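> My questions will all concern the structure given below.
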Amino acid sequence: MTSSKLDKTDIEILKILQEDADCTIKEISAKVNLSPTPVHERIKRLEKEGYILKYVAVLNPEKIGNNLLVFCSVKLKQMTRDVASDFVSMIKGIPQVTACYNVAGEYDYMLTINAPDMQYYNDFVINVLGASESIGSILSTFVMKEIKHNSGYYL
C-alpha cells in the first residue's frame, strides 16, 4: 500500500484528532474550513493508509490506582536472536508493561510500568520479571513528578 503525501489540511486534522479523538466531523470541518464530506473522506484515507492506527481513551492513573510510573531498564544475559525473541514474546504477554523499547547503550530494553505502589512493583520484579532466566540485570527509575506528557506526536 502506498501512502500519499500529507498536506497542510491532513496535518491539521491529525493534530485535532491527537488532541481530542472524540471531536465530531462537523467540529473538525469548522476548524479546517472544509465541509464535512471531504473531512470524513480524508480521515478514512488517513486510517486506511496507516497514519491513524487506533483511537483510545487516555486514563487518569491516579483515578485507577496506578500512581507509580517506573522506567525499567533490562539487560539480557546474552543478546542472541532466540533469547531476544523469547524476551519480547514474554513482555508482550505482561499487561503491566505499558511500553517496551529495544534500546542501544548499557541496557537492551526499556520498559514502562504503571503500578499502584512500591510493594506491587517489588512483587512484579521478583515474581514476573524474575521468572525469566534470560534477564541479567534490571535498573528501575521511579518517576517522582510528571512534568510533561504528550500522548501524541509533534507534527
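> Evaluate segment 74-118: find the radius of gyration of its Cα atoms, find its Kirkwood radius, and give the ratio Rg to Rh.
Ratio of gyration radius to Kirkwood radius for segment 74-118: 0.99.
> At what distance in nm do the modelled label points of residue 86 and residue 112 sit from each other, each positioned 7 Å from its Cα along Cα→Cβ?
Using points 7 Å along Cα→Cβ, the separation is 2.9 nm.
> Rounded, prolate or oblate: pick one for segment 15-66, where a ≥ b ≥ c are the square roots of the eigenvalues of its C-alpha gyration tensor, a/c under 1.5 means rounded, and failing that, prolate if a/b is larger than b/c, else oblate.
Because a/c hits 1.5 or more and a/b fails to exceed b/c, segment 15-66 counts as oblate.
> Where Lys and Arg each count +1 and Asp and Glu each count -1, what net charge lies around residue 67 among other residues with Cβ under 14 Å from its Cβ?
With Lys, Arg at +1 and Asp, Glu at -1, the net is -1.
> Normalised by the number of residues in the chain, what is the relative contact order in percent for Cα pairs under 8 Å and 6+ residues apart?
Dividing the mean separation by the residue count of the chain yields 27 percent.
> In Å and from the alpha-carbon atoms only, list the Rg and Dmax of segment 29-110.
Spelled out, the Cα radius of gyration and Dmax of segment 29-110 are 19.7, 57 Å.
> From a point 7 Å beyond the Cα of residue 141 in the direction of its Cβ, which residues of segment 47-70 have a backbone N at a distance under 16 Å?
Correct set: 69-70.
> Enumerate the aspartates and glutamates that residue 145 could reach by cross-link, defined here as Cα to Cα under 19 Å, with residues fewer than 8 away along the same chain left out.
In chain and number order, the partners are 62, 117.
> Using modelled amide H (1.01 Å from N, peptide plane; none on Pro or chain starts), what sits under 5 Å from the amide H of residue 98, excluding residues fewer than 5 places away?
Answer set, sorted by chain and number: 112, 113, 114.
> Oh, and also: For the chain, what D do you get in µm² per second when you plug the Kirkwood radius from alpha-carbon pairs into Stokes-Einstein at 4 °C and 1.567 mPa s?
70 µm²/s
Every read-out reported here was derived from the displayed coordinates using simple, explicitly stated rules and does not represent laboratory data. What you see is a predicted model; the values in this text were computed from it and never measured. Virtual Cβ from ideal backbone geometry, glycine too; neighbours counted across all protein chains shown.
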